[in-house]
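**Student:** Just passing along the structure, written as structure tokens.
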Amino acid sequence: MASSNHFNGFAIAVILLPAIAFATEYVVGDDKGWAINFDYQAWAKDKVFYVGDTLVFNYIAPNHDVYKVNGTAFNDCIAPPDAEKFTSGNDKIELKTAGNKWYLCGKSGHCSTGQKLSITVSNSSAPQPAPSSSSAPSAIFVSVYQVFIALTAAFVVVNHVV
Ligand SMILES: *[C@@H]1O[C@H](CO)[C@@H](O)[C@H](O)[C@H]1NC(C)=O
Ligand SMILES: *[C@@H]1O[C@H](CO)[C@@H](O)[C@H](O)[C@H]1NC(C)=O
Ligand SMILES: [Cu+2]
């Protein structure tokens, strides 16, 4: 009975690992957060976003906000009243579908100073590049977690065999 429990725990850990490893949380602007006079296109340039990843917009509310807009509004720096809007100052937006996504700050004059972000989200089935530690701080956490799980699983297996 105990051996079958151990095996189940090991199997579950193995099945869960890919889902955990592939969901990345990106803090937009890193430690600069969501602010004016920042080049978000340069920030996004080297990153590959996948369905299931999350964008985190950090700022002091109500100094800024986040509007999810279309490409036209993005180019013209328009914050449509009917757009999806986030105002908490710690806005976590999960990327649920593939394709182009556009975000901007709706405060007067902010978008035109560069407070706008355009990204392309890829289907999660696409090949996953090796995570770069500079672009994905949470990858470090994931690695530590994976090592922990792997060691735990190994311990359980060895314990069971001996
Ligand atoms: C973009 O959004 C604006 C404002 O919501 C809307 O008026 C316009 O029709 C949209 N354009 C496209 C191409 O969907
Ligand atoms: C993502 O995958 C879905 C389902 O396979 C497909 O319908 C969609 O067109 C894909 N989107 C992109 C941008 O590749
Ligand atoms: Cu702003």
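**Student:** Scan the range 85-102 and report the pairs whose first residue is more than 20 Å from residue 74 (Cβ to Cβ) and assigned by TED's automatic domain parsing to the domain that holds residue 120 and whose second residue is open to solvent by 40 Å² or more (accessible area, probe 1.4 Å) and in a strand (DSSP E or B), with Cβ atoms within less than 9 Å and a gap of 6+ or a chain change.
**Tutor:** Close Cβ pairs (under 9 Å, with a partner that is open to solvent by 40 Å² or more (accessible area, probe 1.4 Å) and in a strand (DSSP E or B)) amount to 89/58; 90/58; 92/25; 92/86.
**Student:** Being of a type outside the set (Lys, Arg) and outside any strand (DSSP E or B) narrows it down to one of 75, 100, so name that one. Lay out the reasoning, then the answer.
**Tutor:** Values: 100 fails: outside any strand (DSSP E or B).
After applying the criteria, what remains is 75.
**Student:** Do any residues in the range 45-70 that are assigned by TED's automatic domain parsing to the domain that holds residue 118 have Cβ atoms under 6 Å from those of residues that are within 10 Å of ligand 3 (Cβ to nearest atom) and of a type in the set (Val, Ile, Thr), where the two are at least six apart or on different chains, and which pairs are they?
**Tutor:** Qualifying pairs under 6 Å: 57/66.
**Student:** Could you say whether any residue in the range 30-42 is part of a loop (DSSP other than H, G, I, E, B) and within 12 Å of the chain's Cα centre (by Cα)? If you could, list the steps in order and put the result at the bottom.
**Tutor:** Filtering the range 30-42 for residues part of a loop (DSSP other than H, G, I, E, B) gives 33-39.
This time we only want the ones that are within 12 Å of the chain's Cα centre (by Cα), so: none.
Looking for residues that are part of a loop (DSSP other than H, G, I, E, B) and within 12 Å of the chain's Cα centre (by Cα), one finds none in the range 30-42, hence no.
**Student:** Filter the range 52-73 for residues that are under 9 Å from the mean Cα position of the chain (by Cα) and within 14 Å of residue 120 (Cα to Cα) and give the result.
**Tutor:** Of everything in the range 52-73, those that are under 9 Å from the mean Cα position of the chain (by Cα) and within 14 Å of residue 120 (Cα to Cα) turn out to be 52, 53, 54, 55.
**Student:** Do you know which residues across the range 104-126 are without any contact (Cβ under 8 Å) to a residue 60 or more places away in the chain and more than 10 Å from ligand 3 (Cβ to nearest atom)?
**Tutor:** 112, 125
**Student:** From the list 68, 47, exactly one residue is part of a loop (DSSP other than H, G, I, E, B) and out of contact with any Lys or Arg (no Cβ under 6 Å at 6 or more places or on another chain). Which is it?
**Tutor:** Values: 68 fails: part of a loop (DSSP other than H, G, I, E, B).
Going through 68, 47 in turn, just one is part of a loop (DSSP other than H, G, I, E, B) and out of contact with any Lys or Arg (no Cβ under 6 Å at 6 or more places or on another chain): 47.
The values are calculated or read from the model by the stated rules, or taken from the named source; none is laboratory data. Quick caveat, the model's predicted, so the values are computed rather than measured. Counting neighbours? That spans all protein chains shown, and the Cβs are built from the backbone with ideal geometry, glycine included. Calculation scope for accessible area: heavy atoms of the full protein, side chains included, ligands and nucleic acids excluded. Shrake-Rupley method; radii C 1.70, N 1.55, O 1.52, S 1.80 Å.
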